1. Looking at the P(r) of segment 10-71, how many percent of alpha-carbon pairs lie beyond 14 Å?
2. According to a simple spin-label model (label point 7 Å from Cα along Cα-to-Cβ), what is the distance in nm between V56 and V82?
3. Can you tell me the FRET efficiency between D73 and N30 if r is taken as the Cβ-Cβ distance and R0 is 35 Å, rounded to the nearest 0.05?
4. Convert each backbone phi in segment 31-45 into a coupling constant with the Karplus relation 6.51 cos²θ - 1.76 cosθ + 1.60 (shift: θ = phi - 60°), then list the ³J(HN,Hα) values in order as whole Hz, x for Gly and Pro.
Amino acid sequence: MGRQVEPRGHRQRSCLVSRQDYQLLLAAQNGVCALCFGAPTKRALHLDHDHETGRVRGLLCHGCNLGLGFLKDNIDVILRAVDYLKKTVDIKGGKD
């Protein structure tokens, strides 16, 4: 399990998630980011939630949380980004 970093700040309070619920989510994710599987370092994992419904999706590291935000939490945009990365790798001749 990754380093234990306590949640703090407005994200935990604004989503009405208790410290206990945060810890349950963290344990369910084995203490790591739900996307990159990286353990938290200096910052606690962010409570990721759907901005329209308020439903919690999981805990993300700072970078993954920003990434989803920059891609506007839009599945179509994210899938296009995946296709783009695959195409770029193919052209470069790197990975299959």
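1. Details: 993 of 1891 pairs.
I get 53 percent for the Cα pairs in segment 10-71 exceeding 14 Å.
2. 2.6 nm
3. Details: r = 24 Å, r/R0 = 0.68.
Efficiency at R0 = 35 Å is approximately 0.90.
4. x, 10, 4, 5, 9, 9, 6, x, 7, x, 10, 7, 9, 5, 5
Bear in mind these aren't lab numbers, they're just calculated from the coordinates by the rules spelled out. From a predicted model like this one, the values you see are computed outputs, not experimental measurements. Using ideal geometry, Cβ is built from the backbone for each residue, glycine included, and neighbour counts are taken over all protein chains shown.
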